[in-house]
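Undergrad: Below you'll find the structure I mean.
The values are calculated or read from the model by the stated rules, or taken from the named source; none is laboratory data. In this text, all values refer to a predicted model and were calculated from it rather than measured experimentally. Positions of Cβ are backbone-derived with ideal geometry, glycine not excepted, and every protein chain shown enters the neighbour counts. Surface accessibility is based on the protein's heavy atoms, side chains included, excluding ligands, DNA and RNA. Shrake-Rupley method; radii C 1.70, N 1.55, O 1.52, S 1.80 Å.
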Amino acid sequence: MDKHACRACRGSGGYLVLDLGEQPACDYFPRCGDPGPDPVYPLQMWLCSSCGLAQLLADPTVPEEPRGAEPAALVAQAADAVERVSAAGWLPDQGVVTEYGSPHGGSWLELVTARGLLTSAPGGQADVIIDCFGLMHAADQHQALAERTARIAPGGVLLLQYHALSTIIGGGQWNALRHGHYAYYSTTALTAMLAAAGFSPRTAWQFDLYGGTVLLAATRAGDGPEGPDDAVRSLLAHDARVGVRDPDRFAGLQRDVDAHAKALHDWLAAQRSAGCRVLGYGAASRAVALLCQARADRGLLPAVVDASPAKQGLRMPGTDIPVADPGRLAADKPDAVVLFVPDLLAEVREAFPEVEAAGGRWVDAQALH
Ligand SMILES: [Zn+2]
């Protein structure tokens with residue numbers, strides 16, 4: 001393999017901090033009739049020793065995701081975020097906005113244009129650029145950030161939202177690592193990336209989404225008299241305590257892989273031995289990595305229910321477990337439903353009261369280890 005160059009600073013020094021071995025592409029769901037085996041690819045996280053960006057080492061896969069259902073938690077968080085940004089005075093009453101969205105959905109554009117901002121011409125300048133989980137999908141992080149910052153009009157602001165690396169490390173969220181997601185940002189690393197583009201973080205907001213999500217407001221370094229505010233400084237201090245630049249602090253994450261997979265496998269086996277009916281919920285990338293590591297099959301988990309019509313008739317990559325439609329929850333009357341996306345808990349309890357009405361319970365897959 002050629003020596004890896006950092007996706008942001010091009011530095012070649014760094015550490016392999018998380019290795020999930022050979023994994024199927026988490027966004028290619030084969031048809032149920034496809035017996036496999038599915039092609040597998042190395043899935044590894046690398047930490048740049050120069051700029052501190054945690055990143056996907058290599059990605060030979062081609063993005064091909066059946067469109068997922070947009071979680072209500074994501075929609076609610078977008079409204080909350082726009083409200084808080086506006087209340088803090090970071091959304092002008094008029095001007096031009098553009099968005100670099102995520103292929104998984106979650107646009108803020110309607111929320112912002114409803115407040116009077118106009119959308120920019122394609123490739124044109126904007127007073128506000130919103131990037132909500134978009135930047136992580138760019139293989140070339142330096143180029144992608146440069147493209148965004150170049151479009152910011154004088155006095156404009158870049159709003160960047162990301163699942164915080166400190167959350168991933170602190171919460172044992174090893175299965176956040178997936179093909180197609182090239183960067184895992186700490187506020188520390190993002191500050192360095194922004195500095196290289198002539199930008200500085202000014203303020204930040206935190207959200208519970210995915211266990212800990214950050215929205216950072218950055219401007220050109222010369223714009224505005226002040227540096228980072230207390231909110232940014234507090235995130236940087238938290239990063240330092242967690243050790244987001246210290247490869248040794250990722251060791252726990254690597255240990256969590258086996259512990260988490262074994263806990264899920266043992267729990268599923270115990271449920272089967274006890275004669276309990278179990279289903280999964282949420283055919284997300286996190287579920288793919290976890291089920292593969294746990295060597296789960298349909299003997300242990302008969303189906304993963306998902307609300308997305310695009311995933312029906314397909315199976316979980318790397319396993320023989322089919323994706324089922326939500327009607328299966330009423331039909332099977334499961335004793336337990338393993339939830340692979342904890343943010344969905346409130347939403348699924350409300351949408352599928354039949355689970356608990358029949359005596360079943362929702363079980364957080366993340367909490368099994
Ligand atoms: Zn770097």
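Undergrad: Unpartnered cysteines of the chain (Cβ-Cβ under 4.7 Å counts as a partner)?
TA: Lacking a cysteine Cβ partner under 4.7 Å: CYS26, CYS32, CYS132, CYS276, CYS292.
Undergrad: Using only Cα atoms, locate the centre of segment 205-221 and the centre of segment 296-369, then give the distance between them in Å, rounded to an integer.
TA: Cα centroid to Cα centroid, the span is 30 Å.
Undergrad: Given a cut-off of 19 Å, what percent of all Cα-Cα pairs of segment 243-369 lie beyond it? Write out the running numbers ahead of the final one.
TA: Working: 3766 of 8001 pairs.
The answer is 47 percent, as a whole percent.
Undergrad: How tilted is helix 187-196 with respect to the longest principal axis of the chain? Cα atoms for both, answer in degrees (0 to 90, nearest 10).
TA: 40 degrees
Undergrad: What does the convex hull of the alpha-carbon atoms of segment 222-313 project to on average, in nm²? Spell out each step's value before the answer.
TA: On the way: hull surface 43.1 nm².
If I average the Cα hull's projected area over directions, I get 10.8 nm².
Undergrad: Where both residues lie in the chain, what percent of DSSP beta bridges are antiparallel, nearest 5? Please list the in-between numbers first.
TA: Details: 29 of 53 bridges.
Antiparallel bridges make up about 55 percent of those DSSP assigns within the chain.
Undergrad: Further question on the same structure: Could you tell me the extents of segment 312-354's C-alpha atoms along the three principal axes, largest first, rounded to whole Å?
TA: On the principal axes, segment 312-354 reaches 30, 24, 18 Å in Cα extent.
Undergrad: In square angstrom, what is the accessible area per residue of the chain with a 1.4 angstrom probe? Please report the intermediate quantities before stating the final value.
TA: On the way: 15420 Å² over 369 residues.
Value returned for the chain: 42 Å² of accessible area per residue.
Undergrad: Is segment 1-133 best put as rounded, prolate or oblate by its Cα gyration tensor, with a ≥ b ≥ c the root eigenvalues, rounded for a/c under 1.5, and otherwise prolate when a/b is larger than b/c, oblate when not?
TA: On the way: a/c = 2.62, a/b = 1.54, b/c = 1.70.
Note, shape of segment 1-133 comes out oblate.
Undergrad: Would you mind checking which residues have amide H under 5 Å from VAL17's amide H? H placed 1.01 Å from N; only 5 or more apart, or other chain.
TA: MET45, TRP46, LEU47
Undergrad: Which of the lysines could a cross-linker bridge to LYS333, judged by Cα under 27 Å and excluding same-chain residues fewer than eight apart?
TA: Within the straight-line cut-off, LYS333 pairs with LYS262, LYS311.
Undergrad: Further, regarding this structure: Could you work out how far helix 230-242 tilts from the main Cα principal axis of the chain, as a 0 to 90 degree angle to the nearest 10?
TA: The helix 230-242 is inclined about 50 degrees to the chain.
Undergrad: Right, another one. Leaving out same-chain residues fewer than 8 places away, which lysines sit with a Cα under 24 Å from that of LYS3?
TA: none
Undergrad: Quick check: Cα centre of segment 143-190 to Cα centre of segment 68-103, how many Å?
TA: Between the Cα centres of segment 143-190 and segment 68-103 lies a distance of 16 Å.
Undergrad: Right, something else. If you place +1 on the Cβ of every Lys and Arg and -1 on the Cβ of every Asp and Glu, how big does the dipole about the Cα centre of segment 95-202 come out, in debye to the nearest 20? Walk me through the numbers before you get to the answer.
TA: Values: 5 positive and 6 negative charges, 29 e Å.
Roughly 140 debye, rounded to the nearest 20.
Undergrad: In bins 10 Å wide, starting from 0, what share of all Cα pairs of segment 128-269 does each bin hold, as a percent?
TA: Whole-percent P(r) values from 0 Å outward: 11, 39, 32, 12, 4, 1, 0.
Undergrad: Using Cα atoms only, what is the angle between the long axis of helix 141-150 and the major principal axis of the chain, expressed in degrees (0 to 90) to the nearest 10?
TA: 50 degrees
Undergrad: Which part of segment 106-139 falls in the paramagnetic zone of GLN94, meaning amide N under 15 Å from the point 7 Å along Cα-to-beta-carbon?
TA: 115-119, 127
Undergrad: If you place +1 on the Cβ of every Lys and Arg, -1 on the Cβ of every Asp and Glu, and leave all else neutral, what size is the dipole of the chain about its Cα centre, to the nearest 20 Debye?
TA: Values: 29 positive and 42 negative charges, 98 e Å.
So the dipole magnitude of the chain works out to roughly 480 debye.
Undergrad: Here's a follow-up. The chain: D in µm²/s via Stokes-Einstein (Kirkwood Rh, Cα pairs, 25 °C, 0.890 mPa s)? Kindly include the intermediate steps, with their values, before the conclusion.
TA: Working: Rh = 21.6 Å.
Answer, rounded: 114 µm²/s.
Undergrad: Let me ask another. At 0.36 nm per residue, minus the direct Cα-Cα distance, what do GLN312 and ALA330 gain on full extension? Give it in nm, one decimal, please. Don't skip to the end; give the middle numbers.
TA: Working: separation 18, 0.36 × 18 = 6.48 nm, distance 1.67 nm.
4.8 nm is the gain from fully extending GLN312 to ALA330.
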